[in-house]
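**Student:** This structure is in structure tokens; I'll ask about it shortly.
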Amino acid sequence: MGLPGSGKTTLAKEIQKLTKAARLSSDDYRLLIFPEPEFTQKEHDNLYALIDHSVGHLLEAGHDVIYDANLNRQIHRQEKYNLAKSRSANVKLWWVQTPQEIAKARRIKEQNKVLIPDGETAEKMFDRIVEVFEKPTKDEPYTAVDGTKISTAYVRSLL
């Protein structure tokens with residue numbers, strides 16, 4: 001979890017490289033299924049149902065899985081905890097912490113324009129997500145990650 005531009009996908013790719021876990025990216029899935037996304041609730045529900053279904057199958061087959069998505073709201077994280085628990089899988093929450101101004105600058109610079117809803121800008125989208133961001137609760141253990149230091153050696157030290 002982390003703000004847009006914090007380094008979540010960079011971290012996920014490093015973990016994948018080091019562990020050989022399957023990485024399922026909500027952005028990649030969205031563009032695969034919806035080449036011209038509309039960001040409706042139905043689209044969102046279908047997207048996450050498909051990712052969850054894939055995660056379930058991978059976990060049942062004994063694979064480690066990296067769920068590369070925002071999950072910045074506790075209710076959404078709880079859904080993933082429940083999915084993992086139903087497959088007897090352990091969960092590790094990674095919280096990528098990057099100063100907000102750095103994360104915002106990265107997001108604005110790197111944002112795929114197709115992944116911005118109509119009527120929004122990268123800036124507005126970032127600000128909207130910041131408003132709904134929920135820190136982990138006291139019952140959610142996590143690994144804190146400095147989003148300005150992500151490298152293979154750093155991630156290896158956290159694993």
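The values are calculated or read from the model by the stated rules, or taken from the named source; none is laboratory data. Keep in mind the model is a prediction, meaning the values are calculated, not measured. In this analysis, Cβ positions are derived from the backbone assuming ideal geometry, glycine residues included, and neighbour counts consider all displayed protein chains.
**Student:** Of all residues in the stretch 31-45, which are under 22 Å from M1 (Cβ atoms), assigned to a helix (DSSP H, G or I) and of a type in the set (A, V, I, L, M, F, W, C)?
**Tutor:** Keep residues of the stretch 31-45 that are under 22 Å from M1 (Cβ atoms), which gives 31, 37, 39, 41, 43-45.
Then keep just the ones that are assigned to a helix (DSSP H, G or I); that gives 31, 41, 43-45.
Residue satisfying the conditions is L31 alone.
**Student:** Continuing with the same structure: Taking the stretch 1-30, which residues are part of a helix (DSSP H, G or I), aliphatic (A, V, I, L, M) and within 15 Å of the chain's Cα centre (by Cα)?
**Tutor:** The answer is L11, A12, I15.
**Student:** When you scan the stretch 96-114, do you find a residue that is in contact with a helix residue (DSSP H, G or I) (Cβ under 8 Å, 6 or more places away or on another chain), in contact (Cβ under 8 Å) with a residue 60 or more places away in the chain, over 15 Å from K8 (Cβ atoms) and not aliphatic (A, V, I, L, M), even just one?
**Tutor:** No: zero hits.
**Student:** Any residue in the stretch 76-84 that is under 25 Å from T148 (Cβ atoms), in contact with a Gly (Cβ under 7 Å, 6 or more places away or on another chain) and in contact (Cβ under 8 Å) with a residue 40 or more places away in the chain? Give the derivation first.
**Tutor:** Taking the stretch 76-84 and keeping what is under 25 Å from T148 (Cβ atoms), we get 77.
Now restrict to residues that are in contact with a Gly (Cβ under 7 Å, 6 or more places away or on another chain): none.
Within the stretch 76-84, not a single residue is under 25 Å from T148 (Cβ atoms), in contact with a Gly (Cβ under 7 Å, 6 or more places away or on another chain) and in contact (Cβ under 8 Å) with a residue 40 or more places away in the chain.
**Student:** Got a sec? Which helices (runs of 4 or more DSSP H) wholly within the stretch 46-159 have at least 1 residues that are surrounded by 12 or more Cβ atoms within 10 Å (Cβ to Cβ), under 17 Å from the mean Cα position of the chain (by Cα) and of a type in the set (D, E, K, R)? Steps first, answer last, please.
**Tutor:** Values: elements: 74-86, 100-110, 122-132, 152-158.
Here the list reads 74-86, 100-110, 122-132.
**Student:** How do the pairs read when you match residues in the stretch 134-159 that are within 20 Å of E79 (Cβ to Cβ) with residues anywhere that are in a loop (DSSP other than H, G, I, E, B), using Cβ under 6 Å and keeping only pairs 6 or more apart or on different chains?
**Tutor:** E134/R73; Y142/P136
**Student:** Against the condition at positive phi and in contact with a helix residue (DSSP H, G or I) (Cβ under 7 Å, 6 or more places away or on another chain), how does L71 come out, does it pass?
**Tutor:** Working: at positive phi: yes; in contact with a helix residue (DSSP H, G or I) (Cβ under 7 Å, 6 or more places away or on another chain): yes.
In short, yes.
**Student:** Take the conditions over 22 Å from E123 (Cα atoms), among the polar types (S, T, N, Q), surrounded by fewer than 19 Cβ atoms within 10 Å (Cβ to Cβ) and at pLDDT 95 or above and apply them to T19. Does it pass? Spell out how you get there, then give the answer.
**Tutor:** Numbers: over 22 Å from E123 (Cα atoms): yes; among the polar types (S, T, N, Q): yes; surrounded by fewer than 19 Cβ atoms within 10 Å (Cβ to Cβ): yes; at pLDDT 95 or above: yes.
For T19, the condition - over 22 Å from E123 (Cα atoms), among the polar types (S, T, N, Q), surrounded by fewer than 19 Cβ atoms within 10 Å (Cβ to Cβ) and at pLDDT 95 or above - is met.
**Student:** Of all residues in the stretch 42-58, which are touching a Ser or Thr at 6+ places or on another chain (Cβ under 8 Å) and either of a type in the set (A, V, I, L, M, F, W, C) or within 22 Å of F133 (Cα to Cα) (or both)?
**Tutor:** If we filter the stretch 42-58 for residues that are touching a Ser or Thr at 6+ places or on another chain (Cβ under 8 Å), which is where we start, we get 47-48, 51, 56.
Selection gives L47, Y48, I51.
**Student:** Please state which of the following conditions A49 fails to meet, knowing it meets all the rest: (1) in contact with a Lys or Arg (Cβ under 6 Å, 6 or more places away or on another chain); (2) over 27 Å from Y154 (Cα atoms).
**Tutor:** Just one mismatch for A49, condition (1).
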